[in-house]
Amino acid sequence: MTQKPNPEAFPPGFFFIQSQRVPTLTVDVNDGSMSADSNILLWNKKDVDNVNQLWAYEDGFIVNKKSGLVLDIKGGEVKAGKSIIQYARKGVLARNQEWRFLDGFICPISDERLCIDIESNNPSSGSNIVLASRNRQRPSQLWTLVEHNPPQLANYHRMLLPLTPEAKGSKRSRNWTFSSGRLASTSIQR
């Protein structure tokens, strides 16, 4: 019997799929590829340039932010040992692309006895993600979904541009402009 998706278990918006065994490692698309059939693997979580590590849950599909492609089981056969890849979303017959999040496991909706796992139980940067028989005794199969909370745009400039004495209240301030790919400032007398 095919189960229904469980969107309530996934965070809204984009999230990281983080290993519970090694929390600094997260599910990533190999080389940040935009191509279908690209391997899904484990990589060190990045604070910037991380769109290939960000995922969203849409109607049973887990969608990569950078490529727009979805998690898929290579070859379409839902069985242990198969690699996890990204692939174009199928309109029908998508049983190898639809997922549930159950108590830390990410399982294909079509067979919840299986789940994604770190290949060879080897949690290191570059390890492939594969489908395996679900086993609570294997911490390499357990995941945490971590909401992506990017810096608020209103505060983002403070991280990039330190306040200068002029900007802290004197009659002199700076005017920032962006032109020809460069950020420039000019001092303005008020």
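Matching residues to (1) outside the structural domain of residue 104 (by TED's automatic domain parsing); (2) modelled with pLDDT of 95 or more; (3) over 20 Å from residue 121 (Cβ atoms):
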| site | (1), (2), (3) |
| --- | --- |
| 25 | no, yes, no |
| 42 | no, yes, no |
| 49 | no, no, yes |
| 55 | no, yes, yes |
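Residue count for the range 22-40, restricted to those that are more than 17 Å from residue 146 (Cα to Cα) and either of a type in the set (Ser, Thr, Tyr) or surrounded by fewer than 22 Cβ atoms within 10 Å (Cβ to Cβ) (or both): 10. If the condition is being out of contact with any helix residue (DSSP H, G or I) (no Cβ under 6 Å at 6 or more places or on another chain), touching a residue at least 12 places away in the same chain (Cβ under 8 Å) and of a type outside the set (S, T, N, Q), then the range 58-74 contributes 59, 60, 61, 62, 63, 69, 70, 71, 72, 73, 74.
For the range 73-108, the tally of residues that are under 20 Å from the mean Cα position of the chain (by Cα) and under 23 Å from residue 20 (Cα atoms) stands at 17. Taking the criterion of being touching a Ser or Thr at 6+ places or on another chain (Cβ under 8 Å) and not in a loop (DSSP other than H, G, I, E, B), the residues of the range 116-130 that qualify are 117, 118, 119, 120, 121, 128, 129, 130. Candidates in the range 90-118 are the residues that are among the acidic types (Asp, Glu) and buried (at least 20 other Cβ atoms within 10 Å of the Cβ); of these, the one that is nearest to residue 24 (Cα to Cα) is 117.
The values are calculated or read from the model by the stated rules, or taken from the named source; none is laboratory data. Just so we're clear, the structure is a prediction, and the values are computed from it rather than from any experiment. Every residue, glycine as well, gets a Cβ built from its backbone with ideal geometry; the counts of neighbours run over all protein chains shown.
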